1. For region 121-138, does any single residue satisfy the condition of being farther than 25 Å from LYS222 by Cβ, within 16 Å of the ligand (Cβ to nearest atom) and buried (at least 19 other Cβ atoms within 10 Å of the Cβ)?
2. Which residues, counting only those in region 189-246, are hydroxyl-bearing (Ser, Thr, Tyr) and away from the ligand (no atom under 14 Å from the Cβ)?
3. Considering only residues that are free of Cβ contacts under 8 Å to residues at least 24 places away in the same chain and within 20 Å of VAL196 (Cα to Cα), which ones fall in region 228-248?
4. Which of the numbered conditions does PRO261 fail, given that it passes all the others? Conditions: (1) assigned to a helix (DSSP H, G or I); (2) within 16 Å of the ligand (Cβ to nearest atom); (3) over 20 Å from ALA112 (Cβ atoms).
5. Determine the pairs where a residue that is under 14 Å from LEU256 (Cα atoms), located within region 271-288, has a partner that is of a type in the set (A, V, I, L, M, F, W, C) and away from the ligand (no atom under 12 Å from the Cβ) with Cβ atoms under 9 Å apart, the partner being 6 or more residues away or on another chain.
6. Out of ALA279, ALA259, which single residue is over 17 Å from HIS167 (Cα atoms) and loosely packed, with under 15 Cβ neighbours inside 10 Å?
7. Run down PHE282, PHE253 and say which single residue is within 12 Å of the ligand (Cβ to nearest atom) and at pLDDT below 90.
8. Just to be sure, is GLY254 in contact with a strand residue (DSSP E or B) (Cβ under 8 Å, 6 or more places away or on another chain), on the phi < 0 side of the Ramachandran plot and small (Gly, Ala, Ser)?
Amino acid sequence: MEVALLGATNRAYEASYQRWSRVHTTNRQSLIVAVRQTAFDDFSLIVLPRRKNIEQRDIHKMKLLEPVRLGSHTLKNRMVMAAMTRSRADDYDQAARNAIEAGFDGVELHAANGYLPNQFLAESANQRTDEYGGSKENNCKFTLEVMEELVHAVGGDNVGIKISPLHPYASIQLDNPVATFTFLIQELNKMDIVFVELMKRSPMFPLLPSSPKDDEIELFGKLIKHTLIANTAYNKETGEAELEKGIAKLISFGSLFLANPDLPNRFQLNAEINQPDRATMFGGGEKGYTDYRPLD
Ligand SMILES: Cc1cc2nc3c(=O)[nH]c(=O)nc-3n(C[C@H](O)[C@H](O)[C@H](O)COP(=O)(O)O)c2cc1C
């Protein structure tokens, strides 16, 4: 799985690949050959910036509530927002096509963790009064439209989605996460896609008053008819226990994979696991990224 940004205005992470032009696609092909030699299917995760990135950086078109001049027109808020939303969905479409052309097996829409689709889902971010806000159906509209675009662009067999119903990263807060995500999942169930990756709330974040105490895999996972991938804070034991329950079919690992480049091998051998060092995890340098050693 690799992250890729989309859109020329998107400067969220300097080191991430951008998939908005064919030049970027071509530049990626040699690396993809190497990635595909592993046993894993290679999915590209496509994202737009999170709230904090939008606030920190000067992406003026992302300020949803300001009138915008377009040529000789000063467009009213509602029109601008609708036009902008449309163009953003088109960005995803092009990025997905480019990802497949570059050799990836599929694309996963990042609708978790405060990225743009997650902002539409959450009342703390979405203050729109047009058809993209104001009700659970409207709040889900952007995510579902993008998913439809992706299915249309590259085929449902190549499309998945990542959601994080109760994870409040980047000030994401839903008035009624159970109602909104139940609706979203029911609509996703009607689509011919491959998987849903369900990111649980990280134990480092609080449970919000509007969130239920239930286990997210029990609560939301049981509603999902597609292959369910459970994500966040798993290790070998808890991952196996989760699979035993029979709701999730796969477990995805983040930090453990970072600290153990040969993680599947270590699991198989019941070998010692390197513990990830959070202090070096989100920096730009090599330390904490390429210096974890595989088993001899
Ligand atoms: C080094 C590192 C960087 C990450 N960067 C992002 C990110 O930019 N955006 C995001 O939504 N999640 C990010 N994640 C979260 C992962 O996608 C994944 O959801 C998470 O790591 C799973 O939990 P785990 O690490 O406990 O297995 C990152 C994780 C790691 C380890």
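The values are calculated or read from the model by the stated rules, or taken from the named source; none is laboratory data. Just so it is clear, the structure is predicted and the values come from calculations on it, not from any experiment. Virtual Cβ from ideal backbone geometry, glycine too; neighbours counted across all protein chains shown.
1. Taking every residue of region 121-138 in turn, at least one turns out to be farther than 25 Å from LYS222 by Cβ, within 16 Å of the ligand (Cβ to nearest atom) and buried (at least 19 other Cβ atoms within 10 Å of the Cβ).
2. Selection gives SER210, SER211, THR227.
3. TYR234, THR238, GLY239, GLU240, ALA241, LEU243, GLU244, GLY246
4. For PRO261, the exception is condition (1).
5. From residues that are under 14 Å from LEU256 (Cα atoms), the pairs are ALA271/LEU295; GLU272/LEU295; ILE273/PHE267.
6. Within the list ALA279, ALA259, the selection yields ALA279.
7. Residue meeting the stated conditions: PHE282.
8. So GLY254 passes the test.
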